[in-house]
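Let me begin by presenting the structure, written as C-alpha cells, before commenting on it.
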Amino acid sequence: MNPPTSPAPHLVLVGLMGTGKSTVGRRIAHKLGWEFLDTDDEITRTTGRTVRQIFEAEGEEYFRQLEHEVLVAAWQLSTPHVIAGAGGIILRADNRELLKSAQHVIWLNAPLPILLERIGQRAAKGDGHRPLIDGNPAERLQKLYVERESLYREVSSVEIDVEGLQVQDVIDKVLFETRLEANS
Ligand code: S3P
C-alpha cells in the first residue's frame, strides 16, 4: 500500500535521544510561525500516560503502534508542522515510507559521549521517558546507534552533526538547509 501523501510540507527532525530534536524543533516552529508536534508528547496527550508507563505496562511494541498512529495522524494535518520524531520513529518500515514522503527530514546526529552527557543531565532533572537505556545507558545507546544509523540515513535528506553547536547554530543550519524563511 502506498503511504498517503503528506498534505502539508512538514519539517521532521529525527535522531537518537539527546540530539535536541524537541528543543530545536520547538524553536524552529516558533521562528517559522508553524505549529510544533513532538511524537512522545502527542502520545502522552492522547493516552494520558507517560512514555515510561506505556513501556512498562504494555511493552515496546504497543508503544510503537501508538507512535505510528501519531505519525499517520500528523500526515493528515493540513498545515505545515515542525515534527520532533522520537528516536525510534524510524524502526517501522511503514513509518520510514511516510517520513520519506515529507518535504524535509533532518537527522540530528552527535557522538555518543555528548548524547550520554545530555541524557544524564535530563535524567538528573527527573526526565524518565527513556526506559530503553535503563541500567547501562552507554552500552544501550551504543547498541541503538549501531542498529539505527542506517535507518536515520535512509529517511533523511540532510544530516547535521550537532557536536559543539549551540541550539541557535543548529536552527540556523536547519533553516539554511531547508531554505525555509524565518518570520521572527
Ligand atoms: C525512544 C526515544 C524516546 C522515547 C522512548 C523510546 C527510542 O524519545 O520515545 O523512550 O526508541 O529511541 P526521545 O528521542 O525524544 O528521547
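The values are calculated or read from the model by the stated rules, or taken from the named source; none is laboratory data. Please read all numbers here as calculations on a predicted model, not as lab measurements. Cβ sites come from the backbone with ideal geometry, for glycine too, and all protein chains shown count toward neighbours. Ligands, DNA and RNA are stripped out before the accessible areas are found, and what is left, the full protein with its side chains, is counted by its heavy atoms. Shrake-Rupley method; radii C 1.70, N 1.55, O 1.52, S 1.80 Å.
Among the residues of segment 149-180, which ones are β-branched (Val, Ile, Thr), surrounded by fewer than 19 Cβ atoms within 10 Å (Cβ to Cβ) and under 20 Å from Gly87 (Cα atoms)? Lay out the reasoning, then the answer.
So the first thing to find is which residues in segment 149-180 are β-branched (Val, Ile, Thr), and the list is 155, 158, 160, 162, 167, 170-171, 174, 178.
Checking the rest, the ones that are also surrounded by fewer than 19 Cβ atoms within 10 Å (Cβ to Cβ) come to 158, 167, 178.
Listed by number, the residues that qualify are Val158, Val167.
Select from segment 69-119 the residues that are among the hydrophobic types (A, V, I, L, M, F, W, C), open to solvent by 10 Å² or more (accessible area, probe 1.4 Å) and assigned to a loop (DSSP other than H, G, I, E, B) and write down the one among them that is farthest from the ligand (Cβ to nearest atom).
If we take residues in segment 69-119 being among the hydrophobic types (A, V, I, L, M, F, W, C), open to solvent by 10 Å² or more (accessible area, probe 1.4 Å) and assigned to a loop (DSSP other than H, G, I, E, B), then Leu77 is farthest from the ligand (Cβ to nearest atom).
Would you pick out the residues in segment 35-65 that are closer than 20 Å to His81 by Cβ and open to solvent by 60 Å² or more (accessible area, probe 1.4 Å)?
The answer is Glu35, Asp41, Arg45, Thr46.
What residue, of Thr23, Thr19, Thr39, is in contact (Cβ under 8 Å) with a residue 24 or more places away in the chain and touching a Gly at 6+ places or on another chain (Cβ under 6 Å)? Talk me through it step by step, then tell me what you get.
Working: Thr23 fails: touching a Gly at 6+ places or on another chain (Cβ under 6 Å); Thr19 fails: touching a Gly at 6+ places or on another chain (Cβ under 6 Å).
Testing whether each residue is in contact (Cβ under 8 Å) with a residue 24 or more places away in the chain and touching a Gly at 6+ places or on another chain (Cβ under 6 Å) leaves just Thr39.
Here is a check on your reading of the model: is Arg26 open to solvent by 10 Å² or more (accessible area, probe 1.4 Å), assigned to a helix (DSSP H, G or I), over 23 Å from Val158 (Cα atoms) and basic (Lys, Arg)? Can you show your working first?
Values: open to solvent by 10 Å² or more (accessible area, probe 1.4 Å): yes; assigned to a helix (DSSP H, G or I): yes; over 23 Å from Val158 (Cα atoms): no; basic (Lys, Arg): yes.
No; evaluated as a whole, the condition is false for this residue.
Could you figure out which of (1) modelled with pLDDT of 95 or more; (2) open to solvent by 50 Å² or more (accessible area, probe 1.4 Å); (3) more than 10 Å from the ligand (Cβ to nearest atom) isn't true of Thr5?
(1)
Please give the number of the condition Gly126 fails out of (1) buried (at least 19 other Cβ atoms within 10 Å of the Cβ); (2) out of contact with any Leu (no Cβ under 8 Å at 6 or more places or on another chain); (3) outside any helix (DSSP H, G or I).
Status for Gly126: all satisfied but (1).
Has segment 44-53 got at least one residue that is touching a Pro at 6+ places or on another chain (Cβ under 9 Å) and within 14 Å of the ligand (Cβ to nearest atom)?
Taking segment 44-53 and keeping what is touching a Pro at 6+ places or on another chain (Cβ under 9 Å), we get 51-52.
With the extra rule that they be within 14 Å of the ligand (Cβ to nearest atom), the set shrinks to 51-52.
The answer is yes, given that some residue of segment 44-53 is touching a Pro at 6+ places or on another chain (Cβ under 9 Å) and within 14 Å of the ligand (Cβ to nearest atom).
Can you spot a residue in segment 134-149 that is outside any helix (DSSP H, G or I) and within 15 Å of the chain's Cα centre (by Cα)?
no
Asn183 versus (1) at pLDDT 95 or above; (2) open to solvent by 40 Å² or more (accessible area, probe 1.4 Å); (3) over 21 Å from Val51 (Cβ atoms): which is the lone unmet condition?
So Asn183 meets the others, but not (1).
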